[in-house]
Amino acid sequence: MKIQYKKRQLNFNLIFGIIWLTFFLLQLLFDDELNWIDYGWIFISLAYFGIYFYQKKYKYVIINNGFLTVNGPFGKTINLTDIKRIKKFAGDYILKTDNEELTISTQYIGSKSLAELNMELEKLQVEWN
């Protein structure tokens, strides 16, 4: 099961990538000589496009084969059978095992995907706080 990002989150990155690319292209067209800072706009644009395509391809949370994985630059994986307690705090789910803790921020998850995540977490039969 793949838990997707909100469309708003994806569109935010796409729009800002387009805005920074537009700034770079306008600078390229109307300036005779480009400064080193002008090239920064293209790098910022590429970063936003990279984040957009990464989030589009590798959804926020993946539940597969008994493991829950939160994707990102420092993604984390946890075994579903090791989860002892789930704490809901400030709109986040904090999944706790004996050794580690994993946080899922619900502000990035679309409403349909959030309902799927809730159903999947309720199946675990663990203590909720």
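Report, to two decimal places, the Cα Rg of the chain normalised by 2.2 N^0.38 Å (N = number of residues).
Working: Rg = 19.4 Å, N = 129, 2.2 N^0.38 = 13.9 Å.
Relative to the rule-of-thumb radius for its length, the chain sits at 1.39.
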Among the listed pairs K59/K112; K2/K56; K57/K84; K59/K84; K76/K112; K88/K112, which are separated by more than 20 Å between their Cα atoms? K57/K84; K59/K84; K76/K112
In degrees rounded to 10, the 0-90 angle between helix 111-122 Cα long axis and the longest Cα principal axis of the chain is 30
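Using only DSSP helix segments of four residues or longer, with each worth -39500 (n - 2.57), what per-residue ellipticity at 222 nm results for the chain after dividing by its residue count and rounding to 500?
On the way: 3 runs with 58 residues, N = 129.
So the calculated ellipticity at 222 nm is -15500 deg cm²/dmol.
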Over the stretch 36-124, calculate the relative contact order: mean separation of alpha carbon pairs under 8 Å at least 6 apart, over the residue count, as a percent. 14
For the pair K59 and A90, the simple spin-label estimate (label points 7 Å beyond Cα toward Cβ) gives in nm 2.7
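Bear in mind these aren't lab numbers, they're just calculated from the coordinates by the rules spelled out. Note that the coordinates shown come from a computational prediction; the quantities given were computed from them, not determined experimentally. Positions of Cβ are backbone-derived with ideal geometry, glycine not excepted, and every protein chain shown enters the neighbour counts.
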